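Remarks on the structure that follows.
The values are calculated or read from the model by the stated rules, or taken from the named source; none is laboratory data. Computed from a prediction, not measured in an experiment: that's the story for all the values here. We place every Cβ from the backbone using ideal geometry, glycine too, and count neighbours over all the protein chains shown. The protein model used for the area step is the full one, side chains on, heavy atoms only, and it has no ligands, DNA or RNA in it. Shrake-Rupley method; radii C 1.70, N 1.55, O 1.52, S 1.80 Å.
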Amino acid sequence: MKVLLSGGSKSGKSHLAQELACKLARGRPMYYLATMVPADEEDRERIRRHVAERAGLGFVTVECGADFASGWRSLPQDAVFLLDSLTALLAQAMFPPGKPPVTDAGTFLSRELALLAEHGGDGVFVSDSIFSDGESYDGLTLQYRTALAELERDVAARCDGIVEVCAGIPVIHAGADSLRAFLPQAKEDAMQLHLVIGGAGQGKTAFVKQRFQLRDTDIYCCSRSSAPDFSFPCISHLENYVYYCLRHGIEPRCDFPPGTVLVCDDIFCGIVPLSAEDRAWREQTGRFLQELARRSHVTRLFCGIAEDLQ
């Protein structure tokens, strides 16, 4: 079985991918295809975290960011692989250090990924969803984003299962019958909160007012510049609360009273921000939602349509 996992920043993709690869392996050798070539200390710290997360799981690491073809072709035929991630792999191929951009890098990678998808063993591909924002980008960035979308489509067409990861929750888009046995199930008894997420303008406020019979005076909107008031039955714009916490060096709290309705904008699915502060904000918000989702009934709004994720 080949599976594609995609999702926003700090949505829990890597952790789920490791868990899925271990379950697919059934004792067979597992290979971690590491695609990031670090450019600075932030990259090196990210790599250290990933190495620590998979320590003791039994993966053999294959560094293939600089030479993908040689790296993956060294795998035994029956090995299980975890490629993390398409995003870093394309960035390295398209923007090699000290060299001009390779604008057709996606074409080469598409051929190699097709061959890898035909590899005899099971495997998991990880990618980042960077396509849902309204920013204007330069031509090369737009080419990169388009190339990544094409790579995801090519890989998806060759996979048995397609999973989107949202706040740590797997949302199966293809291969549900085969995948359910390998993916974690929600624990109903742990759901004491109600978490509603979605992009800007998707109808989250109207939804919570109708579903939970709330009035405008029941909803508190968090600000980036002031401490929140959590005495309300509904706390909205949690992303602003996380921003406030980062600015003041405090950890966001998760101990809301049972039954509290929490609303957060999806800020995770765009190009990685240039500002270090914005990157930290986006990543911390993703981690915070994963923690909240573990104790919440989670609903996502898309075009005003509610989808209960767990």
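Note on the stretch 32-47: residues that are in contact (Cβ under 8 Å) with a residue 60 or more places away in the chain and surrounded by 14 or more Cβ atoms within 10 Å (Cβ to Cβ) amount to 1.
Is there a residue in the stretch 18-30 that is open to solvent by less than 40 Å² (accessible area, probe 1.4 Å), modelled with pLDDT of 95 or more and not aliphatic (A, V, I, L, M)? Looking through the stretch 18-30, at least one residue is open to solvent by less than 40 Å² (accessible area, probe 1.4 Å), modelled with pLDDT of 95 or more and not aliphatic (A, V, I, L, M). Among the residues of the stretch 198-218, is any at pLDDT 95 or above, among the hydroxyl-bearing types (Ser, Thr, Tyr) and not in a helix (DSSP H, G or I)? No. When the stretch 219-242 is filtered for residues that are in a strand (DSSP E or B) and either touching a Gly at 6+ places or on another chain (Cβ under 8 Å) or open to solvent by less than 60 Å² (accessible area, probe 1.4 Å) (or both), the ones remaining, listed by number, are Ile219, Tyr220, Cys234, Ile235, Ser236. Could you please find all residues in the stretch 282-310 being within 23 Å of Ala149 (Cα to Cα) and open to solvent by 30 Å² or more (accessible area, probe 1.4 Å)? Correct list: Arg300, Phe302, Cys303. Kindly indicate whether Ala181 is assigned to a helix (DSSP H, G or I), small (Gly, Ala, Ser) and either open to solvent by 20 Å² or more (accessible area, probe 1.4 Å) or free of Cβ contacts under 8 Å to residues at least 60 places away in the same chain (or both). No: the conditions fail for Ala181. Checked against (1) under 17 Å from Arg295 (Cα atoms); (2) of a type outside the set (Gly, Ala, Ser); (3) more than 20 Å from the chain's Cα centre (by Cα), Arg215 passes all but condition (1). In the stretch 151-162, the residues that are open to solvent by 30 Å² or more (accessible area, probe 1.4 Å) reach residues that are assigned to a helix (DSSP H, G or I) and at pLDDT 95 or above with C-beta atoms within less than 6 angstrom, at least six apart or across chains, in these pairs: Asp154/Ser110; Ile162/Ala156.
Candidates are the residues of the stretch 116-136 that are charged (D, E, K, R) and in contact with a Gly (Cβ under 9 Å, 6 or more places away or on another chain); the one that is farthest from Gln77 (Cα to Cα) is Glu135. Of all the numbered requirements in (1) loosely packed, with under 13 Cβ neighbours inside 10 Å; (2) within 18 Å of Val126 (Cα to Cα), His50 misses one, and that requirement is (1). The criterion of at least 2 residues that are among the polar types (S, T, N, Q) is met, among strands (runs of 3 or more DSSP E) falling completely within the stretch 257-310, by 296-302. Scanning the stretch 116-144 for residues that are surrounded by 17 or more Cβ atoms within 10 Å (Cβ to Cβ), modelled with pLDDT of 90 or more, over 20 Å from the mean Cα position of the chain (by Cα) and not in a helix (DSSP H, G or I) turns up just one, Asp122. Starting from residues that are open to solvent by less than 20 Å² (accessible area, probe 1.4 Å) and modelled with pLDDT of 90 or more, keep the ones in the stretch 261-281 and report whichever is farthest from Ser6 (Cα to Cα). Only one residue fits best here, namely Val261.
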